[in-house]
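First up is the structure itself, then whatever we jot down about it.
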Amino acid sequence: MDKKKNDDRRHHLGALLKHERKCRKIEQVDLALKLGVSQKYISKIEASQRRIDVLELIDYSMALNLSLTEFAWKIEDYLYGLGLLPFPKNYIKKIRVEVSWIDNKFFISFTEFLKGTVMISSNTFVELQKVVEEYFNSIIKGMVANDTEAPRWFVNKQYEFEYQFLDVTSLLKTYSSYISLAVISRASGINQSMLSQYANGLKKASTSQQKRIADAIHKIGKDLMAVFP
């Protein structure tokens, strides 16, 4: 057993637990109340002065409103990036790309990976994907040139993008190139004229309407996949 590596893992696990707590704006004392422990208990875990076992981790994740699977993935991903876990060859990091449509431009942000936002203007989703790929390639080249420390999965390009649409307009602008509004209308039960207004930014869809449209597009995609298994 490598004691130094385990000490490093415990140190970074404590830092990750602290980060997740702070991201949710939960104070140590409030987390301690949820867990039925003392604030000193939380402090020692975050300072890597105390180990946390699997059963405690289950309670910890629930207190932070995370599933154990999601929390374990965060821990694994974090330790992979630091070289504190064996790095699998088939490992793929998911990078969430948040997409909005503002003033006839795609507004892109990488809140989980990069600070700040990037404004990308393109007419089609295909162009958008190319620009995002080129943008990340430029970051990697800059890091390598400046000998900047970066996660191995990033330098090795073991990642793929997951696009999350923050508004109905960006969603419809993307998929109306592949699926007509008439088809989306039939699948969602939303009037085609209303969808057209959403797509052109003339009206803002409610949260429930956004979900209906997204669900409809997912259903259409599944139906097409069923035709070509």
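Of the strands (runs of 3 or more DSSP E) lying entirely inside segment 52-158, the ones with 1 or more residues being at pLDDT 80 or above are found at 93-102, 105-109.
Answer yes if at least one residue in segment 7-28 is free of Cβ contacts under 8 Å to residues at least 12 places away in the same chain, within 29 Å of TYR135 (Cα to Cα) and outside the structural domain of TRP153 (by TED's automatic domain parsing), and no otherwise. Looking through segment 7-28, at least one residue is free of Cβ contacts under 8 Å to residues at least 12 places away in the same chain, within 29 Å of TYR135 (Cα to Cα) and outside the structural domain of TRP153 (by TED's automatic domain parsing).
Remark: THR124 matches the filter, which requires a residue to be among the polar types (S, T, N, Q) and closer than 21 Å to ILE95 by Cβ. Condition first: part of a helix (DSSP H, G or I) and loosely packed, with under 12 Cβ neighbours inside 10 Å. Now tell me which residues in segment 175-215 satisfy that. If the condition is that a residue be part of a helix (DSSP H, G or I) and loosely packed, with under 12 Cβ neighbours inside 10 Å, then ALA182, SER193, THR207, SER208 are the ones that fit. When the residues of segment 1-30 are narrowed to those that are farther than 15 Å from ILE52 by Cα and among the aliphatic types (A, V, I, L, M), which ends up surrounded by the fewest Cβ atoms within 10 Å (Cβ to Cβ)? Only one residue fits best here, namely MET1.
The values are calculated or read from the model by the stated rules, or taken from the named source; none is laboratory data. All values derive from a computational prediction rather than experimental measurement. Cβ atoms come from the backbone with ideal geometry, glycine included; neighbour counts cover every protein chain shown.
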